[in-house]
Amino acid sequence: AERKRLNDVYYLDLATWTWVKPTTEGTAPSPREQAAATFWAGSMVLFGGHAIGGRTNDLFLLDLSSWHWAQPGLSGTAPSPRQACALAIGHGNLLMVHGGRNNFVLEVSTCILRCVHVCVHAVYAWA
């Protein structure tokens, strides 16, 4: 099989147990691997991952009612580019990014990140 990074979306319809590929609108994230995703306020949130040019720290929202991609303007200092991190929602309006792997250190034992970053959903700001 051919190895390549993807940016398509599928969901499993639990009523019929079939995979569906919805048609999305807007500017989708670039193809990537090991991005983190979660559900937040009616949207799928996609953060980071390893794209063709390297690891990313961008954040995209896919509105699940309209299937429209958006990239909100975020204030504050974003986490460093990373792949394979964890996302969690806390207190209803906080998106937490934890760990992952970064671009900056080649030695495996020191390139694993152990930090936590928080994005406040109500104001779209990294805290």
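The values are calculated or read from the model by the stated rules, or taken from the named source; none is laboratory data. Because the structure is predicted, anything quoted here is derived from the model rather than measured. Here the Cβ is made from the backbone with ideal geometry for all residues, glycine too, and neighbour counts use every protein chain on show.
Assorted remarks:
- Residue, nearest to LEU95 (Cα to Cα), within segment 1-41, restricted to residues that are at pLDDT below 95 and outside any strand (DSSP E or B): ALA41
- In segment 90-112, residue nearest to ASP58 (Cα to Cα) [restricted to those that are small (Gly, Ala, Ser) and at pLDDT below 90]: GLY92
- Search result, residues across segment 73-83 that are under 14 Å from CYS115 (Cβ atoms) and in contact (Cβ under 8 Å) with a residue 40 or more places away in the chain: THR77, ALA78, PRO79
- Residue count, segment 43-68 (criterion: more than 12 Å from the chain's Cα centre (by Cα) and buried (at least 20 other Cβ atoms within 10 Å of the Cβ)): 0
- One residue stands out among those in segment 11-33 that are loosely packed, with under 10 Cβ neighbours inside 10 Å and of a type in the set (Phe, Trp, Tyr): the one that is nearest to GLY54 (Cα to Cα), which is TRP19.
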